[in-house]
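**Student:** Would you mind keeping the following structure in view while I ask a few things?
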Amino acid sequence: MVASPGLTVPEALSRRIADLYCAYADALDEDALESWPDFFTENALYKVLPLENFERGLPVALISAESRAMLADRVVAIRELALYAPRKLRHMTANIRVREMDASGIRLTANFMLLSTMADMPTEVFLAGRYHDRVVEDGTELRFAERICVYDSTIVPTSLVFPI
């Protein structure tokens with residue numbers, strides 16, 4: 001993890017941020033979806049949208065949730081309602097950069113790549129893009145107060161079921 005020029009991030013905080021990003025990816029990759037909402041604050045904002053909409057300031061997103069409760073509802077929908085072909089997902093996160101630190105939290109960006117493997121198919125890149133995050137201290141834990149997942153393409157190869 002690096003900081004923007006002129007910004008100093010204490011080593012202990014840097015490790016905690018790296019741990020947050022790693023634990024988040026591990027939870028999703030290990031299909032521990034029930035723990036996914038715990039990475040967010042109670043009133044967190046989570047969106048998944050194309051780069052074109054993000055750059056134009058358009059609010060339309062494939063996934064939009066405005067609270068931890070909405071994220072928990074999404075997990076229930078995935079587990080009980082959604083129909084999709086079974087697959088294994090791997091989240092790759094790189095170039096985590098602290099952009100700003102102030103009273104509202106730590107603003108970060110990071111690149112992501114989501115790999116998808118179906119049992120009878122070769123692994124393929126499912127989605128790639130950049131996280132735009134705001135992380136805050138919530139009790140003794142760092143949590144996402146905002147996670148805006150901006151994917152580079154204008155479409156996704158199949159329906160988007162799982163968290164990014």
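Since every read-out is calculated from the coordinates, none of them should be taken as a lab result. These numbers come from a predicted model, not from an experiment. Cβ sites come from the backbone with ideal geometry, for glycine too, and all protein chains shown count toward neighbours.
**Student:** What's the longest piece of the chain with no exposed GluC sites (Glu not before Pro), counting a site as exposed if DSSP puts it in a loop and it has at most 16 other beta carbons within 10 Å?
**Tutor:** It runs 67-164.
**Student:** ³J(HN,Hα) across segment 47-57 via Karplus (A = 6.51, B = -1.76, C = 1.60, θ = phi - 60°), whole Hz, x for Gly/Pro?
**Tutor:** Calculated HN-Hα couplings, in order: 9, 10, 8, x, 3, 4, 5, 4, 5, 8, x Hz.
**Student:** Distance between the C-alpha centers of segment 1-76 and segment 111-130? Whole Å please.
**Tutor:** Segment 1-76 and segment 111-130 have Cα centres spaced 18 Å from each other.
**Student:** Over the Cα atoms of segment 2-151, what radius of gyration and what Dmax do you get, in Å?
**Tutor:** Here Rg and the maximum Cα pair distance are 15.7, 49 Å.
**Student:** Rounded to the nearest 20 Debye, what is the dipole magnitude of segment 2-151 about its Cα centre when Lys and Arg each give +1 and Asp and Glu each give -1 at the C-beta?
**Tutor:** 400 debye
**Student:** Further, regarding this structure: Treating only the Cβ atoms of Lys and Arg (+1) and Asp and Glu (-1) as charged, compute the dipole magnitude of segment 1-69 about its Cα centre; round to the nearest 20 debye.
**Tutor:** Around 360 debye, computed over segment 1-69.
**Student:** Okay, moving on. Count the net charge of all other residues whose Cβ sits under 15 Å from the Cβ of Asp29, scoring Lys and Arg as +1 and Asp and Glu as -1.
**Tutor:** Net of charged neighbours comes to -1.
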